[in-house]
Structures are given as C-alpha cells and as structure tokens.
Amino acid sequence: MSQPPARPEPVERAPANIPRHVAIIMDGNGRWAKQRGLPRIEGHRRGVETVRTTTFAARDLGVKVLTLYAFSVENWKRPQDEVGGLMTLLEFYLKKELKTFIRDRVRLLTIGRTEELPASVQELLRETIAATKDFHDYTLVLALNYGARTEVIDAAQAYAAAVADGREKLNDRSWETFSRYLYTAELPEPDLVIRTSGESRISNFLLLQAAYAEFVFSPVLWPDFTKDDLAAAIADYAKRERRYGLTSEQLKPPAGVSVSA
Ligand code: FPP
C-alpha cells in the first residue's frame, strides 16, 4: 500500500499539526484513590471530572474527535461493586452532561457492545446521541463495553452477512470496504493515542484504527490529567513525522513546489 488510508469523512479537519482525532486510555483512577487511602470508586468519581475537563480542553486545542476508553469488555470481571459503581457514575454523567452537550454543541457517539449495558444507561445513551446528532464540529466518542477483538468479530459477522445477501463482494478484500463495518465507520482514524498513568500498553483499544497513530504515554494518573498535559502530548505529536510506511524523502514536496495547508 503506497498511500495512507483515505475515505470521505463527515468530520472537519483540525488545524495543521493538531491531531484531528485523539483517543485516550484513561488509566490510574485506582492508584490515585489508593495513594489517598480512598476507595477505588473515588478515583473513578474524580476521573469523571477529568472526562469533563478534557472534553472541553481537547476542543479548545483544536481537536475534532475525542475518544475515551471508559469501560472495556474485560472490565466486567472487576469486583461487582466497582462495576456497579462505574455504571452508576456513567448514568449520573450522562444525565448531567446532556444540557452541556447541547449548549456547547458536542456530538456524542459510542463504540462497543452497548446493547449489553444496563437498560437505564442504554436509554440515556440513546437520548443523548439523538439530541446531539446534528453537531458536527466536535465529537466525543465513549468506548463502552469496547474491545478491539470483539469489534473485529462484530465487523466480520456484519461483513459476512453483507456478502451473503449480495451487498458486498467476497473477493473485494480492501481495507476501505471492511473498515466500514467497524464501530468507527463514520470517524477518522485516531492520529494520537494517549495512555495515562505510566503504563505502556494498548489493552485491546482501537487495534486496527491505531495502525498509523502516534502514541504518547503520560506518567500522570487520569484524575490529575490537565489541559496542560493534553497540550504537552499534542506538542509532542506535532514534532513527529508520520510516514505511513513511506520514506522521509517521499514525504517531502519536490524542490520548487510550495505546499499550503
Ligand atoms: C482505569 O483506571 C479506568 C477505568 C477502568 C475506567 C475509566 C472510567 C472513568 C474515567 C470514569 C467513568 C467514565 C465516564 C465517561 C462516566 P484503573 O481503575 O484501572 O486504575 P488503576 O490501574 O490505577 O487501578
């Protein structure tokens, strides 16, 4: 493949050197709480505050899509009271944010098997997604009951069904076609993936979509993550050369040709 993946997307371009799509693995809530002798759920509660501040910080910095890994398919295996606490926090968060999303024109989307979430959460998600569907300047994507492997299974199943009823051709074999069956079909691929708390793992997050993403691993625990930390990650990203498998020379414009953004 000699070109970066490209497909038409209904999301606006970000300013030069600003990642259009930032995806964050929000890690360190438990350690934040433990350091203070508090129950883990207090770390998650503070983590929700950081979700709020980061949503608006990212937009202020010029990002167009922010994806937050809020609950993975593996997180169901945590102690029942922690899982219940996270679902309650999610419910409170959605109830409280609806007005803010409408006022500030934030479109909410989700990725993941949301049909397995509690009915009350599903209902709030439906309501919020419907109420914000016409905002296209800025999109917040919550990864909920998300796992990249389950996403591939779901995409393969939907693709197979489309082949079976003649909507797709089995011998197409293009990424462009297959990627339309991923949860992220209508989104640009992440340019920058950030993980907080000093861990350097991807943990089953956007494995296919992050194929050409840049990664920043921040030592800051998620509840302490600030707009300055996000700006620092973006500044680090801006210094990097993204080559998409090409050489550095191939990316340079021929002598005498000026390129404008
Ligand atoms: C990781 O911290 C974080 C999570 C498993 C979930 C992230 C959830 C939130 C920020 C709150 C809920 C979100 C919304 C949108 C309402 P950890 O518990 O694994 O931390 P540790 O590694 O220090 O134990």
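The values are calculated or read from the model by the stated rules, or taken from the named source; none is laboratory data. In this text the structure is predicted, and so the values were computed from the model without any measurement. Cβ: placed from backbone, ideal geometry, glycine included. Neighbour counts: every protein chain shown. The accessibility values were calculated without ligands, DNA or RNA, using every heavy atom of the protein model including side chains. Shrake-Rupley method; radii C 1.70, N 1.55, O 1.52, S 1.80 Å.
GNM on the chain, alpha-carbon springs under 10 angstrom: the most fluctuating residue among PHE215, PHE56, PHE92 is PHE92. P(r) tail for segment 69-108: Cα pairs beyond 17 Å make up 42% of the total. A helix-only calculation puts the chain at -12500 deg cm²/dmol for mean residue ellipticity at 222 nm, using -39500 (n - 2.57) for each DSSP H run of at least four residues, averaged over all residues.
Amide H contacts under 5 Å for THR67: VAL22, ALA23, ILE24, VAL141, restricted to partners 5 or more places along the chain or on a different chain, H placed in the peptide plane at 1.01 Å from N. In sequence order, segment 140-154 has phi-based couplings of 9, 10, 9, 8, 10, 6, 9, x, 5, 5, 5, 4, 5, 4, 5 Hz under the Karplus curve 6.51 cos²θ - 1.76 cosθ + 1.60, θ = phi - 60°, and Gly or Pro positions carry x.
Karplus-based coupling profile of segment 222-238, in residue order and whole Hz: 3, x, 9, 6, 10, 4, 5, 5, 5, 4, 5, 5, 5, 5, 5, 4, 5, with θ = phi - 60° in 6.51 cos²θ - 1.76 cosθ + 1.60 and x standing for Gly or Pro.
For segment 22-166, the Kirkwood estimate of the hydrodynamic radius, built from every pair of different alpha carbons, is 16.3 Å.
The listed residues ARG20, ARG13, ARG59 rank as ARG13, ARG59, ARG20 when sorted by accessible area, largest first, using a 1.4 Å probe.
Report D for segment 97-180 in µm² per second (integer): Stokes-Einstein, Kirkwood Rh on Cα pairs, 4 °C, 1.567 mPa s. This corresponds to a translational diffusion coefficient of 88 µm²/s.
A quarter of the convex hull surface defined by the alpha-carbon atoms of segment 167-261 gives 9.7 nm² as the mean projection. The amide H of PHE215, built 1.01 Å from its N in the peptide plane, has VAL193 as neighbours under 5 Å, considering only residues 5 or more places off or on other chains.
Estimated from the Cβ-Cβ distance and a Förster radius of 30 angstrom, the FRET efficiency linking ALA16 and ASP104 is about 0.80. For segment 9-79, the percent of C-alpha pairs falling in each 5 Å distance bin, counted from 0 to the bin holding the largest distance, reads 3, 14, 20, 20, 15, 11, 9, 5, 2, 0. Tell me, rounded to the nearest percent, the portion of alpha carbon pairs in the chain spaced more than 36 Å apart. Counting pairs separated by more than 36 Å, the tail of P(r) holds 15 percent.
Of the residues THR67, GLY85, ILE102, the one whose Cα sits farthest towards the positive end of the charge dipole of segment 36-104 is ILE102 (charges of +1 on Lys and Arg Cβ, -1 on Asp and Glu Cβ, taken about the Cα centre). Structure remark: mean-square fluctuation, Gaussian network model of the chain, C-alpha springs under 10 Å; the largest value among LEU124, LEU38, LEU207 belongs to LEU38. Scattering from segment 131-198 was approximated by placing one identical point on each alpha carbon and applying the Debye formula without solvent; log10 I(q)/I(0) at 0.13, 0.18, 0.20 1/Å stands at -0.52, -0.87, -0.99.
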